[in-house]
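I have placed the structure first, in the form of structure tokens, so that the comments after it can refer back to it.
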Amino acid sequence: MGSRMRGRIVAGVISSIALCAMASTIALPAASAAEGTYYSSKQPYREPSQQVLQSYSAAPQGYETISTQVVARHGSRGLSSYKYDALLLKMGETAQAEGGFVSDEIGEEFMANIRAIIAANVENGYGMLTGQGATQHQGIGERAYERNKGLFDSAAAQGQSIAYESSGESRATESGENFKLGFDSASGNALANSVLKANNPAGSGAASVFEKSPDTLYFHKVKNPDGSTKHGPVYDIAQQYTDFIDGADGEGNAIIGAAMDYIESKGEDVSRALLSQIFTTEFLDNIGKDKGQYSWYNTSDGKKHADKDGDGLDDKSGQDINLFWNDAPGADISKDKNARGDMGKKITSEVDAAMDLYNLYIIAADMQEENTGSHTFDFDQYFEHLDANTANVFAWILDAEDFYEKGPGYEGQSQTYSIAQPLLDDFFASIDERVAGGTTAATFRFAHAETIMPFAALIKAAGSEQQAPAVADPQSDNDVFTYQNNAWRGENVTPMAANIQWDVAARSGTDPSTGKAYTPVVRMLYNEQEITFHDGCVPVADGSYWYKESELKRCLGMNSVSTSEDPRIVVDTNIDNGQGQNNSENDGQTTQGNASNTTASDAKAGQHKGRPSSRLADTGAAVSIMVSILVTACIAGAMLMAVQCRVHGSESTRH
């Protein structure tokens with residue numbers, strides 16, 4: 001065989017091997033853990049794959065990571081309070097007394113499941129982290145250190161510090177404690193004691209290092225977790241938000257109420273399909289104030305009691321209101337205040353009952369380690385026989401409430417997410433302090449879904465960009481938030497342990513394009529997945545995940561910021577595009593891939609190309625296409641080699 005032919009075959013072999021190897025190492029996006037299960041915002045945290053962890057882009061050449069800013073939701077927890085389980089127990093007791101179960105066996109199993117999950121929550125503590133939740137944050141802490149090992153090793157060597165903050169709620173602080181355990185373990189305890197002193201500690205012992213920061217991490221309520229009341233501008237923000245959700249008449253926001261009424265009406269048939277596995281048709285036909293005799297309140301006798309004037313007496317009977325508190329069996333209220341039911345919670349419709357059962361089903365996914373022994377429960381059995389479209393409606397209803405009240409909400413309003421402005425201000429303030437010479441290398445904040453959802457909507461993170469129509473009287477699905485017309489999903493936006501992390505890199509010296517110090521650059525990780533900022537933000541180069549801080553202040557609406565600085569990093573055109581290969585020398589040219597010298601005004605208008613996807617679904621599609629191409633090329637290469645070997649077989653055997 002001629003040398004050129006041998007060269008072609010060798011090249012074909014090498015190419016095919018390389019393509020096959022690439023195809024085997026590129027992981028297709030995993031199917032959603034909630035696909036077919038529909039856990040909504042109770043989705044357990046999905047640990048990132050090794051492919052994701054190894055794919056992070058480096059900062060532009062010449063820049064070194066100097067800080068990381070993090071906000072995270074608490075990890076998997078049990079039920080936040082004695083509520084859904086309490087009401088279903090009342091409903092079940094009535095069904096037992098009235099012959100409302102489909103069979104005695106089904107009724108006994110249902111009641112056993114309810115009592116078991118109550119017992120598990122009493123033992124674990126209502127609202128507290130479960131074993132899963134602790135493990136989730138330990139892992140996130142370990143990976144936070146590994147991702148920025150150079151930063152933290154340098155901080156330890158220079159005697160710098162780490163700041164830990166909590167909303168003040170116990171489960172948030174406990175999440176932070178577990179994060180710190182993982183972080184300290186990974187770092188060999190190098191920074192275990194190098195912690196910024198807390199002026200207002202979130203607790204004693206391990207909790208004492210956490211600064212209680214409800215103004216930036218619990219901004220949605222006037223009352224803080226410790227019972228104190230906010231003051232000043234943060235009080236005004238919380239009160240305005242409360243007034244917006246409650247409506248001028250105190251009966252709720254009209255547009256949100258109309259949307260939820262429409263969406264919940266879609267749950268009537270699926271609620272009957274779910275509940276009819278357990279309860280008789282006659283019993284279900286009699287649920288509701290307008291339909292029959294059955295309704296249940298979260299009180300000791302299951303009837304409506306309230307003390308609206310605050311005199312300590314029931315509004316109707318005049319009896320001591322304390323007689324009607326509903327406490328979880330076996331709970332010590334002096335130690336677990338969340339084990340006492342909220343009297344205002346109720347079941348007055350089949351949809352109410354079905355949603356309560358759905359809420360037990362989804363929280364069970366976060367209580368796997370507690371679902372054992374004398375309190376073993378099984379709520380999957382009630383949902384596994386429903387078709388996907390049926391089960392999906394319950395997630396839609398729950399997601400819709402969060403979307404309208406804590407996420408992007410409806411068009412023409414910003415109150416549902418502008419409440420997160422103090423947190424965004426704090427991110428930038430912490431970055432600026434560090435750039436100015438501050439010695440705090442990282443701030444790790446631990447909070448809630450009510451923190452993550454509005455923050456994601458405020459910065460228009462992937463999946464949180466789009467609002468719903470503002471329709472006062474919805475007549476079709478087009479008038480409201482649906483899974484068909486909006487990408488927002490609780491399972492992606494705010495799963496348990498959801499986190500948003502900004503890594504910050506800086507460069508010493510003077511930027512010749514501005515005559516000032518180099519502007520620091522920032523990249524974002526959402527649930528440890530590197531993503532772009534929204535389309536109105538311009539990265540330092542085409543295809544880069546890194547952005548100048550000045551550009552982020554502009555595109556994220558920091559009103560006090562006005563800059564004409566070019567968002568691009570100006571580098572030698574012979575060097576790569578700002579994903580770890582930029583030359584520290586600057587010859588006044590634009591980044592490779594942007595040789596047309598894009599102007600600052602063009603860039604600010606979002607006229608840039610080659611951006612990586614900010615959506616996991618888009619990223620997955622791109623990877624799928626790439627894998628298909630590689631596999632096809634691999635097969636084609638193998639076929640070509642076979643043909644070449646067959647044609648030249650006799651020639652090759654002679655050698």
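The values are calculated or read from the model by the stated rules, or taken from the named source; none is laboratory data. From a predicted model like this one, the values you see are computed outputs, not experimental measurements. Virtual Cβ from ideal backbone geometry, glycine too; neighbours counted across all protein chains shown. The accessibility values were calculated without ligands, DNA or RNA, using every heavy atom of the protein model including side chains. Shrake-Rupley method; radii C 1.70, N 1.55, O 1.52, S 1.80 Å.
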query = Being surrounded by fewer than 20 Cβ atoms within 10 Å (Cβ to Cβ), in a loop (DSSP other than H, G, I, E, B) and either acidic (Asp, Glu) or touching a residue at least 12 places away in the same chain (Cβ under 8 Å) (or both), is that true of even one residue in the stretch 350-365?
reply = no
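From the residues in the stretch 443-482 that are among the β-branched types (Val, Ile, Thr) and more than 18 Å from the chain's Cα centre (by Cα), which one is surrounded by the most Cβ atoms within 10 Å (Cβ to Cβ)?
The qualifying residue surrounded by the most Cβ atoms within 10 Å (Cβ to Cβ) is Val480.
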inquiry  = Which of the numbered conditions does Ala97 fail, given that it passes all the others? Conditions: (1) farther than 21 Å from Glu370 by Cα; (2) crowded, with 18+ Cβ neighbours inside 10 Å.
reply    = (2)
key: Filter result for the condition that a residue is of a type outside the set (S, T, N, Q), touching a residue at least 12 places away in the same chain (Cβ under 8 Å) and either more than 21 Å from Arg77 (Cβ to Cβ) or open to solvent by 50 Å² or more (accessible area, probe 1.4 Å) (or both), over Lys304, Lys337, Lys308   = Lys304
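Each row is one residue, and each column tells you yes or no for (1) farther than 29 Å from Lys335 by Cα; (2) surrounded by fewer than 21 Cβ atoms within 10 Å (Cβ to Cβ); (3) more than 23 Å from the chain's Cα centre (by Cα).
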| position | (1), (2), (3) |
| --- | --- |
| Gly125 | no, yes, yes |
| Thr130 | no, no, no |
| Gln136 | no, no, no |
| Lys149 | yes, yes, yes |
| Ala157 | yes, yes, yes |
| Tyr164 | no, no, no |
| Ser194 | yes, yes, yes |
| Lys197 | no, yes, yes |
Subset of the stretch 49-88 [in contact (Cβ under 8 Å) with a residue 60 or more places away in the chain and assigned to a helix (DSSP H, G or I)] = Val52, Leu53, Tyr84, Asp85, Ala86, Leu87, Leu88
request  = Search the stretch 367-383 for residues that are more than 12 Å from Gly131 (Cα to Cα) and outside any loop (DSSP other than H, G, I, E, B) and pair each with any residue that is open to solvent by 40 Å² or more (accessible area, probe 1.4 Å) and not hydrophobic (A, V, I, L, M, F, W, C) when their beta-carbon atoms are under 9 Å apart and the residues are at least 6 apart or on different chains.
outcome  = His375/Arg115; His375/Glu123; Gln381/Glu109; Gln381/Gln277; Tyr382/Gln277
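For the stretch 271-301, which residues satisfy the criterion of being open to solvent by 20 Å² or more (accessible area, probe 1.4 Å), in a loop (DSSP other than H, G, I, E, B) and either hydroxyl-bearing (Ser, Thr, Tyr) or touching an Asp or Glu at 6+ places or on another chain (Cβ under 8 Å) (or both)?
Ser276, Thr280, Lys291, Gly292, Ser295, Ser300, listed by residue number.
For the stretch 228-266, which positions are open to solvent by less than 60 Å² (accessible area, probe 1.4 Å), at pLDDT 95 or above and not aliphatic (A, V, I, L, M)?
Ser228, Thr229, Lys230, Gly232, Gln239, Tyr241, Thr242, Phe244, Asn253, Gly257, Tyr262, Ser265
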request  = Check whether at least one residue in the stretch 79-94 is closer than 28 Å to Tyr547 by Cβ, among the polar types (S, T, N, Q) and at pLDDT 95 or above, and report yes or no.
outcome  = no
